[in-house]
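Throughout, read-outs are computed from the coordinates displayed, never taken from laboratory work. Because the structure is predicted, anything quoted here is derived from the model rather than measured. For neighbour counting, all protein chains shown are included, and Cβ atoms are generated from backbone atoms with ideal geometry for every residue, glycine included.
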Amino acid sequence: MDDNVLLKIDGIVKTYPGVQALKGITTSINKGEVRALVGENGAGKSTLIKCIMGVETPTEGKIEINCDGKWESPKNAIEAKSFGMQANYQNVNIAKNLSVAENYFLGCLPRTKLGTVDWNQMYESSQKIIDKFQLTVDPRATIESLPIALQAMINISKISINEKVRLVIFDEPTALLENEKVVTLFNYIKELKANGVSVIYISHRLEEIMEICDTVTIMKDGAYVETKNVTEVNKDYLISKMVGRDVADIYNIKHQEPGEELLRVEKLCGNSFVDVSFNLRKGEILGFFGLVGSGRSEVMRAIFGVDKVKGGSVYLRGKKVSFKSPKDAMLSGFGFLTEDRRTDGLALSQSVELNVNIYSYDMISKASIINLNKERSRAEDYREKIGIKTPSIKQCVNNLSGGNQQKVVISKLLCRNPEILIFDEPTVGVDVGAKDEIFKIIENLIAQGKSVIIISSYLPEAMGMADRLVVMAEGHVAGILDSEQLKKVNEEDVLRIASAVYAENNPIVEAV
Ligand SMILES: Nc1ncnc2c1ncn2[C@@H]1O[C@H](COP(=O)(O)OP(=O)(O)OP(=O)(O)O)[C@@H](O)[C@H]1O
Ligand SMILES: [Mg+2]
């Protein structure tokens, strides 16, 4: 047996009612190897991870891990952990009502000699992890009080508690992270590798794979395609193997000549932003970019009636508006895709059909009687249009892959036919084929004279899609780049604006 091999995945098949999620996956991973797993939404990546971790039992096949020469097969998550296997799952699995420190030490609380919990030691050790990952957070803070990006980072840093770790699995770790935290994560992965720890890394951002992984396994429709060294492949190659077709420049959509002003925001102030002013015109795509804490999502949440507005005004078609709740905003023609949509807004135990229609039953009902044909055809329509991969629209949303759940969320917003669509991180976690589809939908929306706001922490996307780009820094608008300026600047320039320290009367954008 090869000493250098850490993990053997041998003929894994996983069948769910109506779905063969894995069709026989065989590969092995060496010690200290960073292996990427790529494939479209629903290809079976997360299912494979669950089989490796003993969370799901494979229908056929075997998983073995080399524990200092002894080959073990984990039967459940606790055994996997004792063999040095750690997974960071796609859906942030963190106890929201507990503190940061409690989450770190859940299941292994440090004890005093008297057997009580040693809180001092727990906070001290937690602070060390917090420092290592350069987080700004009090170990006593409750998870639910923290922004989602920070929650995701705490979930990642939690892995470092297990000192005898041999294999770490990351399932879409950067989906909720800000750019600068991606660097912290990559440094951590390099450190793991240097210590001989193996890593499995799942991401739809192929640039990341080229940067941090040694090898890449491509999966398609539950089947193993091939494993390559990353030096042997490029992005286009991966895409064509994953999707089975070429996906050309996805940001290359037809833009419109923006029409009259639809939305005007004047000196808006909220909890974490001050004096934010911008406008949005008919047929326009307005991008919003900023680093963590810049307030970009908070501004939208305030406009949408989720958070409190402390000052300033919002005008819709010249008329002052102030929404009391998201529902209020929705009825006035707004659609808002939130950042935290994985847990937000889906009735997980209900069908795809119900979830797609959930916001807009009033539009397909007469005298409280739902038109069932319309209900079904709408769901079928979106399943087809943005490619929701599911055996049927009657399938329960809980059983869909992460990316496909998001496609359901997007569909239910589009069903309302909103005038102004706000997308907070529209393509996080969706595969390249679906990104292409989502951008085509946006292209279609603006062609109908609708307006779109895209908040993205992914610069190529923000710059590639926007007609104008609002760059925020420290709760202020640091600059608004128009389409001419956007053509001239590169990513570094925008990052410089976004990291600028705000100075009164000093419009930072002038520096470009
Ligand atoms: N508990 C379940 N019951 C029924 N089907 C399931 C279940 N879990 C997963 N599936 C199906 O198995 C397939 C593979 O899903 P999986 O979550 O592994 O995909 P993925 O590659 O991780 O996709 P994504 O990129 O969207 O996260 C999908 O078709 C999914 O709907
Ligand atoms: Mg997945």
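At-a-glance table
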{"read-out": "Hydrodynamic radius of the chain per Kirkwood, over alpha carbon pairs, in Å", "value": "24.4"}
{"read-out": "Normalised contact order of the chain, rounded percent, pairs of Cα under 8 Å and 6 or more residues apart", "value": "15"}
{"read-out": "Length-normalised contact order of region 343-417 in % [C-alpha pairs under 8 Å, at least 6 apart]", "value": "47"}
{"read-out": "Of every Cα-Cα pair in region 107-190, the percent that sits beyond 19 Å", "value": "43"}
{"read-out": "Region 5-243 - percent relative contact order, Cα under 8 Å, separation 6 or more", "value": "28"}
{"read-out": "DSSP bridge pairs, the chain: antiparallel proportion in percent, nearest 5", "value": "55"}
{"read-out": "Net charge of neighbours whose Cβ lies under 12 Å from the Cβ of Asn252, counting Lys and Arg as +1 and Asp and Glu as -1", "value": "-1"}
{"read-out": "Fully extended contour minus Cα-Cα distance, from Val183 to Asp2, at 0.36 nm per residue", "value": "61.8 nm"}
{"read-out": "Sites excluded, GluC sites (Glu not before Pro) in DSSP loops with at most 12 other C-beta within 10 Å, longest stretch of the chain", "value": "261-503"}
{"read-out": "Backbone HN-Hα couplings from phi across region 270-284 [Karplus 6.51/-1.76/1.60, Hz, Gly and Pro as x]", "value": "x, 4, 10, 8, 9, 6, 8, 10, 6, 10, 9, 10, 4, x, 9"}
{"read-out": "Convex hull per residue volume in Å³, alpha carbons only, for region 343-417", "value": "81"}
{"read-out": "Which listed pairs, of Lys128/Lys158; Lys8/Lys75; Lys8/Lys235; Lys241/Lys487; Lys45/Lys228, have C-alpha distances above 20 Å, in listed order", "value": "Lys8/Lys235; Lys241/Lys487"}
{"read-out": "Extension reserve of the Lys267-Gln127 stretch, reckoned as 0.36 nm per residue once the Cα distance is removed", "value": "46.6 nm"}
{"read-out": "Val321-Asn417 FRET efficiency (beta carbon distance; Förster radius 22 Å; 0.05 resolution)", "value": "0.70"}
{"read-out": "At least 15 Å along the helix axis (C-alpha) and Kyte average at least -1.0, DSSP helices within the chain", "value": "179-194, 402-414, 432-447"}
{"read-out": "Whole-angstrom gap from region 422-464 to region 377-419, using each part's C-alpha centre", "value": "16"}
{"read-out": "Inter-site label distance for Glu207 and Ser483 at 7 Å from Cα along Cβ, in nm", "value": "2.3"}
{"read-out": "Calculated log₁₀ intensity ratio I(q)/I(0) where the Debye formula runs over C-alpha points of region 5-243, q = 0.11, 0.13 Å⁻¹", "value": "-0.58, -0.81"}
{"read-out": "Theoretical FRET efficiency, 1/(1+(r/R0)^6), r = Cβ-Cβ of Trp119 and Ala447, R0 51 Å, to 0.05", "value": "0.30"}
